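Asks: Just passing along the structure, written as structure tokens.
Bear in mind these aren't lab numbers, they're just calculated from the coordinates by the rules spelled out. Not measured: the values here are computed from a predicted model. With ideal geometry, Cβ positions are generated from the backbone for all residues, glycine too; neighbour counts draw on all protein chains shown.
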Amino acid sequence: MDFSGVYRAYFRDVFLYLCSLSANESIAEEVAQETFVKALGAIDHFDGSKDIRAWLFTIARNTYFTYCRRQKIYADEELSEHAADTQSDFIERLSDEESAFRIHQFLHGMDEPYKEVFSLRVFGELPFDRIGMLFGKSSGWARVTYYRAKKKIFEYMEAMENEKDQL
């Protein structure tokens, strides 16, 4: 297997996924590099029966959690302003720095698998079928989980806006 081709093809995806987890580009870049070092060492164990991107994301996630344990990083760490979603309303909310912080704060406290599915879709820009493969589920499951997570975020933001209006 041509590992340099794998690196070129998937580095951006792994980096974006790690940005969604860490909310910090420099941490994401460092962990992405470490992910590919680990993947290079374990490439002989990859049998090719599953998607290599899912395999890399698993390594990336575990590497990030190891990094967090080493650095004692918590969810309220400084958040990235580089978030994207397909709906303009969500983008407008993210463009407001205070709203973006609240969304990220809510997202970090969200239950799994909603948190990870939402992050993979929005920040990792993965299609639903790939997200489903990561979890060993269908693309329909990934789609429903994503929309439920998005609904929870919208409900949270509406509650915050109502609270703000009452002040």
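Asks: When Rg is the radius of gyration of the Cα atoms in region 3-71 and Rh is its Kirkwood radius, what does Rg/Rh come to? Please report the intermediate quantities before stating the final value.
Replies: Numbers: Rg = 11.4 Å, Rh = 11.9 Å.
With Rh from the inverse mean 1/r over Cα pairs, Rg/Rh is 0.95.
Asks: Which whole-Hz ³J(HN,Hα) couplings does region 17-28 yield from phi under the Karplus relation 6.51 cos²θ - 1.76 cosθ + 1.60, θ = phi - 60°, glycine and proline marked x?
Replies: Going residue by residue, I get 4, 5, 4, 5, 7, 8, 6, 8, 5, 5, 5, 4 Hz, with x marking Gly and Pro.
Asks: Still on this structure, I have one more. Starting from the Cα-Cα distance between PHE106 and ILE52, subtract it from 0.36 nm times their residue separation and give me the gain in nm to one decimal.
Replies: The PHE106-ILE52 span can extend by a further 16.4 nm.
Asks: Can you give the FRET efficiency to the nearest 0.05 for TYR7 and GLU155, using r as the Cβ-Cβ distance and R₀ = 35 Å?
Replies: 0.30
Asks: Something else: Would you kindly state how much longer the chain becomes between SER138 and ILE43 on full extension, computed as 0.36 nm times their sequence separation minus their alpha carbon distance, in nm to one decimal? Don't skip to the answer; put the middle values down first.
Replies: Values: separation 95, 0.36 × 95 = 34.20 nm, distance 2.61 nm.
Once the chain is fully extended between SER138 and ILE43, it gains 31.6 nm.
Asks: Here's another thing I want to ask about it. Taking 22 Å as R0, compute the FRET efficiency from the Cβ-Cβ separation of SER26 and ARG70 and round it to 0.05.
Replies: Details: r = 15 Å, r/R0 = 0.69.
About 0.90, to the nearest 0.05.
Asks: Here's something else I'd like to know. Say the cut-off is 22 Å between C-alpha atoms; which of LYS50/LYS151; LYS115/LYS137; LYS50/LYS152 go over it?
Replies: Among LYS50/LYS151; LYS115/LYS137; LYS50/LYS152, the Cα-Cα distance tops 22 Å for LYS50/LYS151; LYS50/LYS152.
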